[in-house]
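Shown next, in structure tokens, is the structure this report addresses.
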Amino acid sequence: MTDNFALYRIMLLIRRFEERLLAEFSTGKLVGTTHAYIGQEANAAGIFSVTDAQDVIFSNHRCHGHFLAYGASSPQGSDPYRLAAELMGKATGLVGGRGGSQHIHWRNFYSNGIQGGILPVATGMALAEKVKKSGQIALAFLGDGTLGEGVLYESLNIASLWNLPILFVVENNRYAQTTPIELAVSGTIAGRFTAFGIPTLERDTSDVLEIQAAALEAVGSVRRNGRPFGLILHTNRFSAHSKGDDTRSAAEIARIREKDPLLIHAPRLTDAERARAESEIAAIIEDAFAQATADPFPKMKDER
Amino acid sequence: MKVKSFVIHLSSFIYSPMPTVLESLNQALHHALLTDERVYLLGEDILDPYGGAFKVTRGLSAKFPERVLTTPISEAAIVGVASGMALRSLRPVVEIMFGDFVTLIADQLVNHATKFRWMYNDMVRVPLVVRTPMGGGRGYGPTHSQSLEKMFLGVPGLRVVAPNTLGDPGQLLANAIAEDDPVLFIEHKLLYTRPLLQASQGDLTDFEIQQCGETYPTYVLRISNLESSNLTLATYGYNFELVCQAALELLMEREIFCEIVLFSQLSPFDIAPLLDSLRRTRRLLTVEEGGLTLGWGAEILARLAESGIQANMRRVAALDLPIANSRPLEDAILPSVEKIVDAALALHGT
């Protein structure tokens, strides 16, 4: 399992990457949109500290944090440079500039920008791993907003019915774009899983160690029982849903920023360790964006 | 373009020792499951003894219980699950019980299965086949009789294929299963009981047939021993039967000589065999069972117009209405031999 320094370093990588990304929009190097993971870093860091590098991951529109943590947990290491290049639409990007922020693929990591639609796909991946007897599990990420999509419930039903090894991770940041959960979700999140006979574990924390412990239990349950599991993480998104669409009050944002996963975890490191993490990450981010900026744009191939 | 020629007698539509389309498809699924353990079938009510609403999957679950998966009524999830299986190197074949339900799988096909390969920079493949029965003529009413394939024509990364009695439907399905990319396989309900056509020795009503392409052939039928023909009828699937009957009527009663161009692959498609026929006839009638507006024929006519060929062109298609349950109303809405003949005569007068 990943130690305190490594957990901090991954969270910091995500934080600084996303901050740089948002800054680059103002320089015109980035076009389109992005969905920053700032505030939710402990979820990805905690979960990917307990998964296997060969597990199959399906992420959503807010995928950068998942990708960076997934990469950092794999033996080959993370690849923030190729993510930066993808976001800039460069030929060297993860998918050659075709996908951009929401649509990436790298090793066993996949993401797509359609709410809900990825869930049966991830369920099918779990089925494939099961029949191939690979021992791997699937992880699918969804948010509170996705709870409105009907295909989620079709997927939960099938995953439970067919005993599929899949972990559904719900990151409830309490807002679907600008709509608060009170206006979008009836009943409970856990109740949605238990209705299908799927056990859940629920945490309301930004402490990466608590999330790591919960993830260890959740991932272990899926692997041990070959059955689906719901990990429900109540979390906080510090920045806007994408860009410039934050209707929350300054007071509310100030309040949730007190639950900063980096601040919570920082006291477990020495001053020297924190300084080392900052300087290492700063160099990685600088290199990644500088190299990506210098890279060429893709050329259109003749598709006929 | 690969061209093969053979001769077929059209009376073989009726009494024939040949297998039916249903048997051909069923045999192809047997063979696929037997020879490739990556092949899985998913669908609603496909287990024996029922064997699927139209019996295409009959006998398969008994032989391959581990790989024939009956599903809840969850069309979107079934196609999504199959898409995930395909991404992880299995070869799933999905049955959607009625073609009308393809609206429920639209997101999975349009935003997921067909996008993955290109969106992920050609690093993945999605060998997925979605089979579904389309079409009317059975009195099933507005939500179980439609031909909705036109909604999926032109979707990037999606191949839309429709079997007919002239080709080998089972081979067509086997070819679709062998593809590395998604295929939407459209089976007209009325085809299931039809025997495959058989090549035979001929008389006046014989058509000489050119086969263009191997995997999903386009067939060009011309009346044997005839120097010139003056109308091209283009179609696919079950409507080929109506078109043949119309062509015979036009020949016998009006001395109008037709060529028939029969497509197996609707999207994307090669216009060359049709263009070739049209250079001879200069008149085209497209026949399809989907609604007229913005349909298959519309794209065919647009491509031909862009090619610069000078020709008179018309379309026969369903009226832009829901398909009625009552027989006379259903007949009035869908294409028929009579409607094809009338349109052909109108076109011939031009």
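The values are calculated or read from the model by the stated rules, or taken from the named source; none is laboratory data. Treat the numbers as computed from the prediction; the structure is a model and nothing was measured. Backbone-built Cβ (ideal geometry, glycine too); neighbour counts: all protein chains shown. SASA here: full protein model, heavy atoms, side chains in, ligands and nucleic acids out. Shrake-Rupley method; radii C 1.70, N 1.55, O 1.52, S 1.80 Å.
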What pairs come up if the first residue lies in the stretch A:215-235 and is surrounded by fewer than 24 Cβ atoms within 10 Å (Cβ to Cβ) and assigned to a loop (DSSP other than H, G, I, E, B), the second is among the basic types (Lys, Arg) and modelled with pLDDT of 95 or more, and their beta carbons are under 7 Å apart, counting only those six or more places apart or on different chains?
A:226/A:130
Which of (1) at the interface with chain A (Cβ under 9 Å from one of its Cβ atoms); (2) crowded, with 23+ Cβ neighbours inside 10 Å is the odd one out, the single condition residue B:95 does not satisfy?
(1)
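Here's the yes/no breakdown for (1) of a type outside the set (Phe, Trp, Tyr); (2) in contact with an Asp or Glu (Cβ under 8 Å, 6 or more places away or on another chain); (3) open to solvent by less than 30 Å² (accessible area, probe 1.4 Å):
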residue: B:165; (1), (2), (3): yes, yes, yes
residue: B:179; (1), (2), (3): yes, no, no
residue: B:195; (1), (2), (3): yes, no, yes
residue: B:228; (1), (2), (3): yes, no, no
residue: B:237; (1), (2), (3): yes, yes, yes
residue: B:245; (1), (2), (3): yes, no, no
Of the numbered conditions (1) open to solvent by 20 Å² or more (accessible area, probe 1.4 Å); (2) in contact with a strand residue (DSSP E or B) (Cβ under 7 Å, 6 or more places away or on another chain), residue A:159 satisfies every one except a single condition; which is it?
(1)
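Quickly run through the stretch A:162-188 and pick out the residues that are in a loop (DSSP other than H, G, I, E, B), open to solvent by 40 Å² or more (accessible area, probe 1.4 Å) and more than 14 Å from every other protein chain (Cβ to nearest Cβ). Steps first, answer last, please.
From the stretch A:162-188, those in a loop (DSSP other than H, G, I, E, B) are A:162-165, A:173-174, A:177-178, A:184-188; that's our starting set.
Pick out the ones that are also open to solvent by 40 Å² or more (accessible area, probe 1.4 Å) and you get A:162-163, A:174, A:177-178, A:184, A:186-188.
A:174, A:177, A:178, A:184, A:186, A:187, A:188 - these are the residues of the stretch A:162-188 that are in a loop (DSSP other than H, G, I, E, B), open to solvent by 40 Å² or more (accessible area, probe 1.4 Å) and more than 14 Å from every other protein chain (Cβ to nearest Cβ).
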For the stretch B:253-283, which residues satisfy the criterion of being free of Cβ contacts under 8 Å to residues at least 40 places away in the same chain, closer than 16 Å to residue B:228 by Cα and part of a helix (DSSP H, G or I)?
B:275, B:279
In the stretch A:95-124, residue farthest from residue A:193 (Cα to Cα) [restricted to those that are in a loop (DSSP other than H, G, I, E, B), free of Cβ contacts under 8 Å to residues at least 60 places away in the same chain and within 7 Å of chain B (Cβ to nearest Cβ)]:
A:95
Report yes if residue B:100 is touching a Gly at 6+ places or on another chain (Cβ under 9 Å) and over 23 Å from residue A:133 (Cα atoms), otherwise no.
no
If the requirement is being touching a strand residue (DSSP E or B) at 6+ places or on another chain (Cβ under 8 Å) and either under 14 Å from residue B:314 (Cα atoms) or assigned by TED's automatic domain parsing to the domain that holds residue B:163 (or both), which of these qualifies: B:218, B:293, B:232?
B:232
Which residues, counting only those in the stretch A:242-260, are within 27 Å of residue A:191 (Cα to Cα) and open to solvent by less than 20 Å² (accessible area, probe 1.4 Å)?
A:256
Quick check: anything in the stretch B:106-121 within 7 Å of chain A (Cβ to nearest Cβ), in contact (Cβ under 8 Å) with a residue 24 or more places away in the chain, within 25 Å of the chain's Cα centre (by Cα) and open to solvent by less than 10 Å² (accessible area, probe 1.4 Å)?
yes
Can you work out which of the residues in the stretch A:125-156 that are among the hydroxyl-bearing types (Ser, Thr, Tyr) and either open to solvent by less than 10 Å² (accessible area, probe 1.4 Å) or assigned to a helix (DSSP H, G or I) (or both) is nearest to the other protein chains (Cβ to nearest Cβ)?
A:155
Members of the stretch B:54-91 that are in a loop (DSSP other than H, G, I, E, B), open to solvent by 40 Å² or more (accessible area, probe 1.4 Å) and touching a residue at least 12 places away in the same chain (Cβ under 8 Å)
B:55, B:58, B:73, B:89
Could you list all residues from the stretch B:213-226 that are in a strand (DSSP E or B), closer than 20 Å to residue B:185 by Cβ and in contact with an Asp or Glu (Cβ under 8 Å, 6 or more places away or on another chain)?
B:218
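Return the residue satisfying two criteria in turn: it lies in the stretch B:12-26 and is closer than 21 Å to residue B:251 by Cβ and open to solvent by less than 70 Å² (accessible area, probe 1.4 Å), and of such residues it is modelled with the highest pLDDT.
Let us first name the residues in the stretch B:12-26 that are closer than 21 Å to residue B:251 by Cβ, namely B:12-14.
Now narrow it down to the ones that are open to solvent by less than 70 Å² (accessible area, probe 1.4 Å): B:12-13.
Details: B:12: 49, B:13: 52.
Among those residues, the one meeting the criterion is B:13.
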Output the residues belonging to the stretch B:231-252 that are among the β-branched types (Val, Ile, Thr) and over 12 Å from the mean Cα position of the chain (by Cα).
B:232, B:243
Right, residue B:126: outside any loop (DSSP other than H, G, I, E, B), open to solvent by less than 10 Å² (accessible area, probe 1.4 Å) and touching a residue at least 24 places away in the same chain (Cβ under 8 Å) or not?
no
Counted residues, the stretch A:56-94 - those being within 14 Å of chain B (Cβ to nearest Cβ), of a type outside the set (A, V, I, L, M, F, W, C) and touching a Leu at 6+ places or on another chain (Cβ under 6 Å):
2
Of (1) within 25 Å of residue A:130 (Cα to Cα); (2) at pLDDT 95 or above; (3) of a type in the set (Gly, Ala, Ser); (4) in a loop (DSSP other than H, G, I, E, B), residue A:39 satisfies all except one. Which?
(1)
